[in-house]
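Accompanying notes for the structure given below.
The values are calculated or read from the model by the stated rules, or taken from the named source; none is laboratory data. Source: prediction; values computed, not measured. Cβ placement follows ideal geometry from the backbone for every residue including glycine, while neighbour counts extend to all protein chains displayed. Note: areas computed on protein heavy atoms with side chains; ligands, DNA, RNA excluded. Shrake-Rupley method; radii C 1.70, N 1.55, O 1.52, S 1.80 Å.
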Amino acid sequence: LALASDPGGTLNFLAMVENLQGDSGRGYYLEMLIGTPPQALNILVDTGSSNFAVAGVPDPDVTSYFDAALSSTYRSEGIEVTVKYSQGSWTGVLGTDVITMPKGIYGSYIINIATILESENFFLPGVKWHGILGLAYDALAKPSSSVETFFDSLVRQAKIPNIFSLQMCGAGLPVSGSGTNGGSLVLGGIEPSLYTGDVWYTPIKEEWYYQVEILKLEVGGQNLQLDCREYNADKAIVDSGTTLLRLPEKVFSAVVQAIARTSLIQEFSSGFWTGSQLACWDKTERPWSLFPKLSIYLRDENSSRSFRISILPQLYIQPILGIGENLQCYRFGISSSTNALVIGATVMEGFYVIFDRAQRRVGFAVSPCAEVDGSPVSEIEGPFTTADVASNCVSSVSLHEPVLWIASYALMSLCGVILLVLIILLLIPPRCQHRYTDNDVVNDESSLVRHRWK
């Protein structure tokens, strides 16, 4: 385990143990001090985006906000930025200021920070955080990848290793409860006390989100028998800012059918699977024994091998705060997605997850806090052979339909015509030259927004 030096001496990972609070329903957050004099805010830890942003004006759904006018070290860049997520969006202004972390890296650091001036469905009722810490790669940073991310700034200024790790301890506890479940964000390394057994690593396929390659899924030990590219359509990512395990629609449908077929419950409301209804049992009952284990196979660093991470139903059949005196209600911690398989908090609460950016890999180890009633609710097993799956399961754009082929040829022809016109224009002597003004800016609508959506 490599340790780095900082102004306070040897990097102390134990100081970062239990520096998070929160739950899988509303996210896990870290206390941070921003500006001079310092203003204390709770910041959501999100490995599925790349901007560091805080509430910059009062909002009915946040209890605190960062008042840039009160900070003598705040510097505005005057650049407007908008970030859209799968749920919610915000618009703010980029600037810089100093931050410190009471339970993080020793010292103060100058960080790019967006102050949120307007938002829609971003700050929600009951959340106890006031901003978001995007820990993904600069490829996702807004308005462009030239905005240095929070963690890149830490690596450069504090000279820590390019690795962080995350443990979220909410297994079996009510979602959207007291918000005091523990958790740890370890910046710059790995803390051995936060995991048991071996760490299994899977390569990062592309450095934007933490994109990984999933080979197959099993429900109750039975393979879903889908083409492995279905699991990676159009990407598979590890995202602490997503509350559920999200599955591509075809995979989600197969998982629901397999769980319904394998469970000991004969009839189940379709509303439970879609998230519109809760399922309730008497408080003396534990419904988890009625449901099967769910396993996700990931490609190992040795591409001819794989390993599987498994979650017991205690992680995906999630208790909601009691309704009535005698009932305990539960929600289904899995949902469908139109554009990704997302390993969110539903799964991550079972593991200590290591984001090893230096070696371009994500590691998983069993988390000792992933226990319910004294029994582990997560497992890691391997190695397994990959002889039964394709050599590459990551989806690439393929044109199977004749209509798409025709459209692609038409677009190529159009591009050819445009290219020819451009060449002719280049050969004609210029008569005038356009002088750019401050109004000539590239806005978000002109960028590849597909890569900006969470």
(message) Is it the case, given these coordinates, that residue 147 is assigned by the TED database to the domain that holds residue 68, within 16 Å of residue 30 (Cβ to Cβ) and among the hydrophobic types (A, V, I, L, M, F, W, C)?
(response) no
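Using the structure shown, decide if residue 293 is over 21 Å from residue 257 (Cα atoms), open to solvent by 10 Å² or more (accessible area, probe 1.4 Å) and of a type outside the set (A, V, I, L, M, F, W, C).
Details: over 21 Å from residue 257 (Cα atoms): no; open to solvent by 10 Å² or more (accessible area, probe 1.4 Å): yes; of a type outside the set (A, V, I, L, M, F, W, C): yes.
Answer is no for this residue.
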(message) Can you confirm whether residue 79 is open to solvent by 50 Å² or more (accessible area, probe 1.4 Å) and either under 20 Å from residue 152 (Cα atoms) or not in a loop (DSSP other than H, G, I, E, B) (or both)?
(response) yes
(message) Yes or no: region 277-284 includes at least one residue that is part of a strand (DSSP E or B), open to solvent by 40 Å² or more (accessible area, probe 1.4 Å), within 30 Å of residue 141 (Cβ to Cβ) and in contact with a strand residue (DSSP E or B) (Cβ under 6 Å, 6 or more places away or on another chain).
(response) no
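Restricting attention to strands (runs of 3 or more DSSP E) lying wholly within region 298-342, give those where 3 or more residues are crowded, with 18+ Cβ neighbours inside 10 Å, touching a Ser or Thr at 6+ places or on another chain (Cβ under 7 Å) and of a type in the set (D, E, K, R).
none
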(request) Just give me the residues in region 219-239 being on the phi < 0 side of the Ramachandran plot and either outside the structural domain of residue 392 (by the TED database) or assigned to a loop (DSSP other than H, G, I, E, B) (or both), in sequence order. (result) 224, 226, 227, 232, 233, 234, 235, 239
(message) Return the pair list, or none, for Cβ contacts closer than 6 Å from residues in region 143-164 that are more than 14 Å from residue 96 (Cα to Cα) and open to solvent by less than 10 Å² (accessible area, probe 1.4 Å) to residues that are acidic (Asp, Glu) and modelled with pLDDT under 95, at least 6 apart or on different chains.
(response) 158/6
(message) Condition (residue is touching a residue at least 24 places away in the same chain (Cβ under 8 Å), open to solvent by less than 10 Å² (accessible area, probe 1.4 Å), under 22 Å from residue 236 (Cβ atoms) and of a type outside the set (Ser, Thr, Tyr)) applied to region 174-195: is it met by at least one residue?
(response) no
(message) Could you check region 389-410 and list, in sequence order, the residues that are open to solvent by 70 Å² or more (accessible area, probe 1.4 Å) and modelled with pLDDT under 90?
(response) 396, 397, 400, 401, 402, 403, 404, 405, 406, 409
(message) Need the failing condition index for residue 212 against (1) under 21 Å from the mean Cα position of the chain (by Cα); (2) in contact (Cβ under 8 Å) with a residue 24 or more places away in the chain; (3) open to solvent by 10 Å² or more (accessible area, probe 1.4 Å); (4) assigned by the TED database to the domain that holds residue 295, just the number.
(response) (3)
(request) Answer yes or no: is there a residue in region 252-264 that is touching a residue at least 40 places away in the same chain (Cβ under 8 Å) and part of a loop (DSSP other than H, G, I, E, B). (result) no
(message) For region 358-373, give me the residue count where each residue is modelled with pLDDT of 95 or more and open to solvent by less than 10 Å² (accessible area, probe 1.4 Å).
(response) 5
(message) Go through region 101-121 and report how many residues are open to solvent by 40 Å² or more (accessible area, probe 1.4 Å) and not in a loop (DSSP other than H, G, I, E, B).
(response) 6
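For the structure I just gave you, tell me whether residue 289 is assigned to a helix (DSSP H, G or I) and either in contact (Cβ under 8 Å) with a residue 24 or more places away in the chain or out of contact with any Leu (no Cβ under 7 Å at 6 or more places or on another chain) (or both).
yes
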(request) Kindly indicate whether residue 47 is among the hydroxyl-bearing types (Ser, Thr, Tyr), within 16 Å of residue 107 (Cβ to Cβ) and modelled with pLDDT of 95 or more. (result) no
